[in-house]
Amino acid sequence: MARNVFSGGIPTFRPQGPSANVRLALCVALAVFLMVADVRFKLTEPLRKAVATVLFPMQWVMLQPVLLVQGGASYFEDLNKAQAAAVAAEKSAIALTHRANLVETLDHENQRLRQLLNLVPRLKTEGRAAQVVYETADAFNRRVVIDKGEVAGIARGSPVMDEMGVLGQVTRVFPMSAEVTLLTDREQAIPVLNPRTGARAVAYGEPTNAYGGGMELRFMPSNADIQEGDLLTTSGVDGVYAPGLPVARIVKIERRADSPFARVYCEPLAQMFGTQFVMVINPLPEDALPPRPPVETKTQEGPASTPRKGKRG
């Protein structure tokens with residue numbers, strides 16, 4: 001007689017452990033706790049550095065075929081185009097040589113005038129070259145990653161330039177790489193100076209303006225002496241950027257009768273997209289700027305009591 005396999009009873013399919021809703025609530029609570037802890041205490045910063053260090057060789061290997069294709073395309077460039085570029089480069093080199101000689105003469109004159117007037121000499125900072133590895137895939141931020149990090153002496157807050165002007169600032173440093181936030185990022189701001197008028201202002205990143213992304217001078221009075229085509233340089237008042245570095249050029253000014261402020265759109269001089277080689281400038285030393293004056297504390301004193309006049313006898 002065949003043995004009944006269900007003689008021991010019907011097996012139950014009741015789920016073991018907590019229910020799905022309880023597990024979902026626990027996962028959500030754990031995720032919220034980790035996000036808050038990461039924002040307040042930077043708990044995952046070592047993990048990010050470790051992951052970035054491990055993934056950097058893989059990123060480098062995966063980029064080699066792209067670099068090989070780009071190199072092959074540039075190698076087979078048209079000969080006439082290469083000759084025209086060589087002629088243009090020679091003309092540009094002659095103009096730059098003349099300009100460099102003029103700048104050197106003006107620099108010597110500036111130093112003599114500063115010595116004569118007993119002024120503080122201009123700050124001279126050094127830097128190191130780096131290569132842009134890739135641009136971050138984020139539609140809301142404007143950032144690039146370079147191939148130099150803590151091992152090469154890159155510090156957080158260091159200004160980054162290309163051959164035309166200021167590109168951005170180092171905002172995150174890893175052992176073998178660093179992240180640079182461009183000037184067109186909405187969270188970036190840089191103090192600037194108009195050399196024509198000597199007026200100072202603050203330029204903010206505006207990646208979504210009507211001119212394809214750029215910068216904007218905010219809180220500029222409508223009657224301010226600014227013109228389209230004015231050059232803007234770093235003012236150096238923030239203690240981060242050395243003074244005199246080229247930043248942007250004013251391209252559009254909108255003065256409205258219903259507002260006391262004008263909208264001033266600027267175009268960065270640096271190449272924000274497609275640049276390959278940059279220069280990371282060392283941050284200014286702490287003693288570069290004069291110390292701030294001490295804050296005066298006002299003591300609260302009660303009303304002065306007037307002496308009573310005695311009665312005359």
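Applying the set (1) in contact with a Lys or Arg (Cβ under 7 Å, 6 or more places away or on another chain); (2) not in a loop (DSSP other than H, G, I, E, B) to G229 leaves exactly one unmet item: (2). The set of residues in the stretch 35-65 being touching a helix residue (DSSP H, G or I) at 6+ places or on another chain (Cβ under 7 Å) and surrounded by 13 or more Cβ atoms within 10 Å (Cβ to Cβ) consists of T44 alone. Of all residue pairs spaced 6 or more apart or on separate chains, none has beta-carbon atoms under 6 Å together with a first member in the stretch 84-109 that is under 17 Å from E163 (Cβ atoms) and a second member that is of a type in the set (F, W, Y) and exposed (fewer than 10 other Cβ atoms within 10 Å of the Cβ). Scanning the stretch 163-188 for residues that are more than 17 Å from P246 (Cβ to Cβ) and of a type outside the set (S, T, Y) yields V170, R172, V173, F174, P175, M176, A178, E179, V180, D185, R186, E187. For the stretch 159-177, the count of residues that are surrounded by fewer than 16 Cβ atoms within 10 Å (Cβ to Cβ), touching a helix residue (DSSP H, G or I) at 6+ places or on another chain (Cβ under 7 Å) and not acidic (D, E) is nonzero.
Has the stretch 30-46 got at least one residue that is more than 30 Å from the chain's Cα centre (by Cα) and over 30 Å from G149 (Cα atoms)? Checked against the condition, which is being more than 30 Å from the chain's Cα centre (by Cα) and over 30 Å from G149 (Cα atoms), the stretch 30-46 yields at least one hit.
If you take the residues in the stretch 228-248 that are among the β-branched types (V, I, T) and under 15 Å from the mean Cα position of the chain (by Cα), which one is surrounded by the most Cβ atoms within 10 Å (Cβ to Cβ)?
Looking at residues that are among the β-branched types (V, I, T) and under 15 Å from the mean Cα position of the chain (by Cα), I get V247.
Please work out which residue is farthest from T233 (Cα to Cα), limiting yourself to the stretch 255-292 and to residues that are of a type in the set (D, E, K, R) and modelled with pLDDT of 80 or more. So the residue we want is D258.
The values are calculated or read from the model by the stated rules, or taken from the named source; none is laboratory data. The structure presented is a predicted model; accordingly, all values stated were derived computationally and were not measured. All Cβ positions, glycine included, derive from the backbone under ideal geometry; neighbour counts span all protein chains shown.
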